[in-house]
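J.: This is the structure, below, for whatever I ask next.
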Amino acid sequence: MSPTDPSKARNRRVALICAVVFAGMVGAAYAAVPLYRAFCQATGFDGTVRKAATAPTQVLDRKVTVRFDANVRNLPWDFRPDQVSQEVKIGDTGLAFFRVTNNGKTPITGRASYNVVPEQAGLYFQKLECFCFTNQTVQPGSTMDFPVVYFVDPAYATDPETRGGDEITLSYTFFPVAGQRAEAASALGGPAPGRL
């Protein structure tokens, strides 16, 4: 039995479908992280804090306590909040400062990731200004203060999942940026990531 034109056409069609599916899967894999990040920032999903353009016009009498947490990962930095917590009225802007000291011998650039606990508060906890929006370079032996301007949206008080909550924790973790991982690991006295 010799191959006929219909079987060749069918084989080409299957090969084309496989190639399109493969290309689609590779594209989806590359797009997954930025799309997930955008989704989380737009919805507050998984405790992701949203960036706001303006503060709300309504300020409620109800207050919440905002606690601050600071961590570093693979950086020779001391990183801490200047205050452990603040009480703010819902809808009013708050200002908090975080202090970073580079204990290394070279300038190092880091990026802060952040989230909010409880996760349901992520939709309502919004930042107007934050050091976490951009990379931060700290010179060796120097200390810098980084501000965060934030508010809790008034809708927090009426959401059935958050209306009884009176405490929110804002947590940051500084990581070295991709090009700085080897320098940061060296400053910590360890091997560069991915090397033993």
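No lab work stands behind these numbers, since they all come straight from the coordinates. Every value quoted in this text rests on a predicted model; they were computed, and no experiment measured them. All Cβ positions, even for glycine, are placed from backbone atoms using ideal geometry, and neighbour counts span all protein chains on display.
J.: Out of Q136, T106, T57, whose Cα points farthest toward the positive end of the dipole of segment 50-187 (charges: +1 Lys, Arg; -1 Asp, Glu; placed on Cβ)?
T.: Most positive-ward Cα: T106.
J.: Sort segment 74-156 into rounded, prolate or oblate with this rule: let a ≥ b ≥ c be the square roots of the eigenvalues of the Cα gyration tensor; rounded if a/c is under 1.5, and if a/c is not under 1.5, prolate when a/b is larger than b/c, oblate otherwise.
T.: Values: a/c = 2.71, a/b = 2.26, b/c = 1.20.
The shape class here is prolate.
J.: To continue, here is another question. For segment 50-187, what's the relative contact order in percent, using C-alpha pairs closer than 8 Å and at least 6 residues apart?
T.: Normalised by residue count, the contact order of segment 50-187 is 35 percent.
J.: Arrange the following residues from fewest to most other Cβ atoms within 10 Å of their Cβ: C18, C130.
T.: The most exposed by this proxy come first: C18, C130.
J.: Report, in whole Å, the centroid distance computed from the Cα atoms of segment 106-152 and segment 51-101.
T.: Here the two parts' Cα centres lie 9 Å apart.
J.: To continue, here is another question. Sorted from fewest to most neighbouring beta carbons within 10 Å, what does the list I168, I17, I90 look like? Present the calculation step by step, with values, prior to reporting the outcome.
T.: Details: I168 24, I17 10, I90 20.
Listing I168, I17, I90 from fewest to most nearby Cβ atoms yields I17, I90, I168.
J.: What is the calculated FRET efficiency for R67 to A15, with r their C-beta to C-beta distance and R₀ = 41 Å, to the nearest 0.05? Walk me through the numbers on the way to the answer.
T.: On the way: r = 57 Å, r/R0 = 1.40.
For R0 = 41 Å, the calculated efficiency reads 0.10.
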